[in-house]
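Okay, structure first, notes after.
The values are calculated or read from the model by the stated rules, or taken from the named source; none is laboratory data. It should be emphasised that the depicted structure is a prediction, and the values quoted were computed from it without experimental measurement. So basically every Cβ, Gly included, is an ideal-geometry build from the backbone, and we count neighbours across all protein chains shown. Surface accessibility is based on the protein's heavy atoms, side chains included, excluding ligands, DNA and RNA. Shrake-Rupley method; radii C 1.70, N 1.55, O 1.52, S 1.80 Å.
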Amino acid sequence: NTGSGEQLYECPICSLTCTNVQILQEHVDLHLEEQSFSEGGNLRDLELAQQLQIEEDKQQRSEEERREKEEFNKLQRLYGLDNSGGYRQQLVKNMEREVDRGRMQPFEYHKRKADMMESLAFGIDDGKTKTSGVIEALCKYYQSENKDVRRVWLSASVDHFHSSLGDKGWGCGYRNFQMLLSSLLQNSSYDDCLRGIVLTPSIPKIQSMIEDAWKEGFDPNGASHFNNRLHGTRAWIGACEIYSLLTSLRIKCQIVDFHKPTGPMGTHPRLLEWILHYYSADNEGSAKVVCTSRPPIYLQHQGHSRTVVGIEERKNRTLCLLLFDPGCSSQEMQKLLKQSSDGTSLKLLRRLVGSLKEKQYQIVAVDGVLTLEEKAARCRASRVFTSQKIP
């Protein structure tokens with residue numbers, strides 16, 4: 001009450017005093033309406049923010065799915081699994097391009113296409129990328145020249161095969177298998193295993209041979225990676241496919257995985273030491289040049305593979321691999337058949353430890369013949385296969 005006896009009413013929200021209860025009621029109602037409006041606005045803001053977040057998440061997922069699909073398609077193209085055709089399609093396409101550019105005459109195109117169709121029909125390599133006699137030439141060279149080399153071990157005779165217009169960019173694994181097989185075909189110890197193979201098979205034939213190994217039960221995990229199909233594709237192959245194929249032929253071999261560097265600056269000295277032991281274990285003696293009966297070694301790293309055909313021990317005790325590379329042309333390999341006294345052409349083959357700096361290497365080394373029982377056991381083991389790792 002005021003001093004005059006007038007009744008006052010206080011707002012319970014803001015403590016404003018009113019002299020009329022109706023005015024106070026209207027005042028309080030305004031407070032409640034304002035609060036309700038404010039709460040409704042906050043709710044709408046929250047709903048809007050949630051909707052925007054949902055749309056942003058959806059857009060982000062869509063973008064991630066697009067990127068993943070692009071990466072998958074890129075890998076499919078890279079590894080030849082994009083259904084873009086295989087050896088025959090690539091060879092024809094590249095020969096047509098050579099004709100368009102004036103690098104090949106039409107009559108040559110038709111002749112080479114006819115030769116290719118005949119070669120593929122019989123499953124035999126046409127031999128146009130083959131160079132023979134290099135190991136024999138190296139043996140003669142080392143016996144008379146090269147003062148920097150203390151000793152050298154060479155594999156059994158092996159032909160070099162290089163990539164062609166039909167497999168350029170993806171065929172190195174197949175070409176290295178051809179090199180390895182060319183050596184085995186000249187070794188009577190493997191006659192029984194290779195009874196059905198007289199001449200070096202073509203790349204499509206090798207693809208079918210690997211598929212046959214999968215059908216026998218070898219490496220089901222690897223087969224599933226290729227959807228159980230290689231023929232008619234440009235799919236890259238690696239050490240596991242080479243192992244499966246050789247073992248299916250009853251050829252005894254092993255994969256050794258050098259899964260991390262074992263020397264300074266990311267080098268792999270233990271890789272070279274293993275290869276030295278492979279060639280020298282059964283070939284002790286004092287001869288400078290040791291022409292062994294050992295087959296060459298398949299050497300794989302990320303993106304490429306090559307064939308080891310020997311190893312040098314220098315007078316300073318360092319080791320140097322001798323490699324056949326499918327990327328090296330016949331014209332370059334022919335120079336090794338007429339080796340000059342200074343050995344300059346050997347640069348094509350030599351690889352010191354400092355030049356082998358990939359993160360990981362795998363080798364496939366052949367060492368004899370399997371019995372039928374041993375082959376069956378290895379087939380079963382390949383279902384849970386792990387390569388031998390060098391620590």
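So Gly232 clears everything in (1) open to solvent by 10 Å² or more (accessible area, probe 1.4 Å); (2) modelled with pLDDT of 95 or more; (3) of a type in the set (Gly, Ala, Ser) except one condition, right? Which one?
It is condition (2) that Gly232 fails.
Residue check: is Ser183 assigned to a helix (DSSP H, G or I), in the same structural domain as His231 (by the TED database) and closer than 16 Å to Pro295 by Cβ?
Considered against the rule, which asks whether it is assigned to a helix (DSSP H, G or I), in the same structural domain as His231 (by the TED database) and closer than 16 Å to Pro295 by Cβ, Ser183 comes out as yes.
Do we find that Asp148 is open to solvent by 70 Å² or more (accessible area, probe 1.4 Å) and touching a residue at least 12 places away in the same chain (Cβ under 8 Å) in this structure?
yes
Could you grab me the full set of residues in segment 287-327 that are of a type in the set (Ser, Thr, Tyr) and more than 30 Å from Gly166 (Cβ to Cβ)?
Passing the criteria: Thr292, Ser293, Thr318.
Could you list, in sequence order, the residues of segment 343-356 that are free of Cβ contacts under 8 Å to residues at least 40 places away in the same chain and open to solvent by 40 Å² or more (accessible area, probe 1.4 Å)?
The answer is Thr344, Lys347, Leu348, Arg350, Arg351, Leu352, Ser355.
Out of the residues in segment 153-178 that are farther than 19 Å from Val134 by Cβ and of a type in the set (Gly, Ala, Ser), state the one that is surrounded by the fewest Cβ atoms within 10 Å (Cβ to Cβ).
Gly169
For segment 330-384, which residues satisfy the criterion of being under 24 Å from Ile237 (Cβ atoms), out of contact with any strand residue (DSSP E or B) (no Cβ under 7 Å at 6 or more places or on another chain) and not in a helix (DSSP H, G or I)?
Scanning segment 330-384 gives Leu356, Lys357, Lys359.
Among the residues of segment 141-175, write down those that are in contact with a Pro (Cβ under 7 Å, 6 or more places away or on another chain) and not in a loop (DSSP other than H, G, I, E, B).
Scanning segment 141-175 gives Phe161, Cys172, Arg175.
Between a first residue in segment 320-335 that is within 12 Å of Arg350 (Cβ to Cβ) and a second residue that is in a strand (DSSP E or B) and among the acidic types (Asp, Glu), which pairs have beta carbons less than 9 Å apart while being 6 or more apart in sequence or on different chains?
What qualifies is Cys320/Glu312; Cys320/Glu313; Leu321/Glu312; Leu322/Glu312.
Do you know which of the residues in segment 296-317 that are open to solvent by 10 Å² or more (accessible area, probe 1.4 Å) and either of a type outside the set (D, E, K, R) or outside the structural domain of Lys147 (by the TED database) (or both) is nearest to Val256 (Cα to Cα)?
Gln300
Looking at (1) open to solvent by 80 Å² or more (accessible area, probe 1.4 Å); (2) part of a loop (DSSP other than H, G, I, E, B); (3) touching a strand residue (DSSP E or B) at 6+ places or on another chain (Cβ under 7 Å), which is the only condition Cys193 fails?
Of the numbered conditions (1) open to solvent by 80 Å² or more (accessible area, probe 1.4 Å); (2) part of a loop (DSSP other than H, G, I, E, B); (3) touching a strand residue (DSSP E or B) at 6+ places or on another chain (Cβ under 7 Å), the odd one out for Cys193 is (1).
Looking at (1) open to solvent by 50 Å² or more (accessible area, probe 1.4 Å); (2) touching a strand residue (DSSP E or B) at 6+ places or on another chain (Cβ under 6 Å); (3) at pLDDT 90 or above; (4) closer than 30 Å to Thr318 by Cα, which one does Glu136 not meet, given that it meets all the others?
(2)
Give Lys359, Lys338 a once-over and let me know the one that is surrounded by fewer than 14 Cβ atoms within 10 Å (Cβ to Cβ), in the same structural domain as Ser280 (by the TED database) and over 27 Å from Ser157 (Cβ atoms).
Unique residue meeting the criteria: Lys359.
Every residue in segment 29-75 that is closer than 30 Å to Leu8 by Cβ and at pLDDT 75 or above, please.
Asp29, Leu30
Could you please let me know if Ser132 is among the polar types (S, T, N, Q) and without any contact (Cβ under 8 Å) to a residue 24 or more places away in the chain?
Considered against the rule, which asks whether it is among the polar types (S, T, N, Q) and without any contact (Cβ under 8 Å) to a residue 24 or more places away in the chain, Ser132 comes out as no.
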